[in-house]
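Just below is one structure, and these are the notes that go with it.
The values are calculated or read from the model by the stated rules, or taken from the named source; none is laboratory data. What you see is a predicted model, and the numbers here were worked out from it, not measured in a lab. Here the Cβ is made from the backbone with ideal geometry for all residues, glycine too, and neighbour counts use every protein chain on show.
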Amino acid sequence: MAGKIVLCRCEDMTLSDLEHSVTRGYRDIEEVKRYTGFGTGPCQGKECLAVVALQLARITGQPPAAIPPFTSRPPLAPTPIRLLANDPAAHRFADEGGDESDEEH
């Protein structure tokens, strides 16, 4: 098969990266995650976990059911949603007061 086969788009992890990690001795999903960084991007593994697990099973000769999902961990410190909002008025509640013009949004 020619070309680059991307398994994790968030962290740009390829099938070649997975194969390399297995040859280095990383044979379970947690070890592969730590070695390659897959599952640590914006999707937190929602898009790539199943694909990586299936390929890991194929490469190691294990049944797919023998590969448990990696442990999900929340961010070290939660990010307040107001920091992610584009509209400064989007995080204001009705009982906080403020400009009447802000309530048009």
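Taken as a whole, the structure leaves Ile81 outside the set of residues that are more than 16 Å from Leu7 (Cα to Cα) and surrounded by 13 or more Cβ atoms within 10 Å (Cβ to Cβ).
Applying the criterion of being surrounded by 21 or more Cβ atoms within 10 Å (Cβ to Cβ) and of a type outside the set (Val, Ile, Thr) to the residues of the range 18-29, the residue that is farthest from Gly39 (Cα to Cα) is Ser21. Just to be sure, is Glu103 surrounded by 10 or more Cβ atoms within 10 Å (Cβ to Cβ), modelled with pLDDT under 70, over 16 Å from Leu18 (Cα atoms) and not β-branched (Val, Ile, Thr)? Yes: the conditions hold for Glu103. Scanning the range 32-54 for residues that are without any contact (Cβ under 8 Å) to a residue 24 or more places away in the chain and not in a helix (DSSP H, G or I) yields one hit, Lys46.
Tell me which residues, restricted to the range 21-31, are more than 21 Å from Cys10 (Cβ to Cβ) and part of a helix (DSSP H, G or I). I'd like the intermediate steps shown before the answer.
Our first condition is that a residue be more than 21 Å from Cys10 (Cβ to Cβ); within the range 21-31, this holds for 23-25, 27.
Thr23 - this is the single residue of the range 21-31 that is more than 21 Å from Cys10 (Cβ to Cβ) and part of a helix (DSSP H, G or I).
For the range 13-57, name all the residues that are at positive phi and at pLDDT below 95.
Matches in the range 13-57: Gly37, Gly39, Gln44, Gly45.
For the range 7-20, a residue qualifies if it is outside any helix (DSSP H, G or I) and in contact with a strand residue (DSSP E or B) (Cβ under 8 Å, 6 or more places away or on another chain), and the qualifying residues are Leu7, Asp12, Met13, Thr14.
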